[in-house]
Every structure is written in C-alpha cells, then in structure tokens.
Amino acid sequence: MRICAMPGTAGVKEPASLLRYCPLRKRVFGLDLGFAMTASGRRQGILLKRSVGSLLSNATRQRFSNDRSGVAAVEFALVAMPFFALLFAVLQTALIFFAGQVLESGVSEAARMIRTGQAQAQGFDQAKFKQEVCDHIFGLISCNASLNLDVRTYPSFDQVKTTKYENGEFVEDYKYQPGVGGDIVVVRAFFEWPIIMPLMGVNQGDMDNGNLLLASAIVFRNEPF
C-alpha cells in the first residue's frame, strides 16, 4: 500500500488494487519528462508529454539556431571572392594609370634630347633613343619588344598625326627621324601592358591578345641648333 498525495487529501491510504497514479516530474538532460508510478510502488510506465525523439530533435534545432560560433568564417567565405576580385581590379587600374604617367614622363625627358639637338650631335639611332627613354621609366615598364618608339618629322602642324590607330587599325610602322633645327617632330611611344585580371568581368585590354596599349605622344619644334 502506498500513500498518494492526491489533490484535496492529506495523505490517504488506498488499496493496491486501485491503480492510482501519482504523477512525478523529473528533468533529464534539460528535458521536462513526466513519470507515473502506481500506488503499489511498481513502475507501470513513463508518460511523456511528447516523444523523447521529438524533444531531442527540438532541443538540437534550438541549440543549433542559437549557436553563433563560426558565423564570421561563413560570412567571410561568402564575400571573399567578390572582395578580392574588386581589390585586384582597383590595384590593376591604379598601376595602369601610374604606368601611363611614367611612360609620359620618360618620353618627355628623352624628347628633350632631340629638341635641343643633343641626340643628333651624339649620333643617336632608334636603339640609343629607346635606351634613353628606358633610363627615365624607373624599371616599371620593361624595355623589351613590348615598348616601341616612333619619331617622325612633319612639314607643318596641320599634318601631324599623334593617334595610335589609322583607319581603325594599329599601324606598327616605326621610324626614327629626329630632324634638324626648326623641324616639327612627333615622338610617340607604345607599350603593351599585360592585363592580369579582368575588371569584374570587363576586360580592360584593347588589343587582340588581351593587353592594353599604353601610348604617349609629344609634338614640338626643334630649337635652332
């Protein structure tokens, strides 16, 4: 015989034949489980408010949804590719502009040798003039086959051509004509800059091989030397 604390009673003895359940509650692994014991003291079964599997599944989902560890790594993985692509594109664009300014400065300094007659006096040819340009570009632009120079004289400024294209096509006809005192001279320089990464899917190159053609042109009249 078992004393059950039934509602409204203060400890009433009931026969064992009357199966009265005394509900007991216990928390197991953080879960609220409901137990029922018979009046005879023998365990007749466990009454669950819901199935243990469902409780464990809900608890697992709750713990997973509340777990914030690794969020930074996942977010960085999502933005890493576009971030680095944009970063390299910005660096590449900056290098292109810087290389263009370096080429412009180098050609301007070398062209002074022709304008003042020093190149003519020292017997410069196309190779020596190219080396003069290379001495002023600080190694940023390689002095190889990608760098080409064109020096021509014109009878008047109206006939001067400074463009790198003629009739929509690039003309690779390079000459070296420094002229004499009083001549109108055009010095042009062309360099194929390699494009490493397209700018967010847009290729910055304007040549068939994908490179970008950097150009510099200077027009002047030789001093009367």
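Please treat every number below as a calculation from the coordinates, not as lab data. This is a predicted model, so every value here is computed, not measured. Every residue, glycine among them, receives a Cβ derived from its backbone with ideal geometry; neighbour counts consider all protein chains shown.
Before moving on, here are some points about what is shown:
- For the stretch 80-108, filtering for residues that are of a type in the set (Asp, Glu) and under 8 Å from the mean Cα position of the chain (by Cα) leaves 0.
- Which listed residue is touching a helix residue (DSSP H, G or I) at 6+ places or on another chain (Cβ under 7 Å), assigned to a helix (DSSP H, G or I) and either loosely packed, with under 13 Cβ neighbours inside 10 Å or of a type in the set (Asp, Glu) (or both), from 75, 104, 132, 109: 132
- Every listed requirement among (1) touching a residue at least 12 places away in the same chain (Cβ under 8 Å); (2) under 19 Å from residue 211 (Cα atoms) is met by residue 160 save one, (2).
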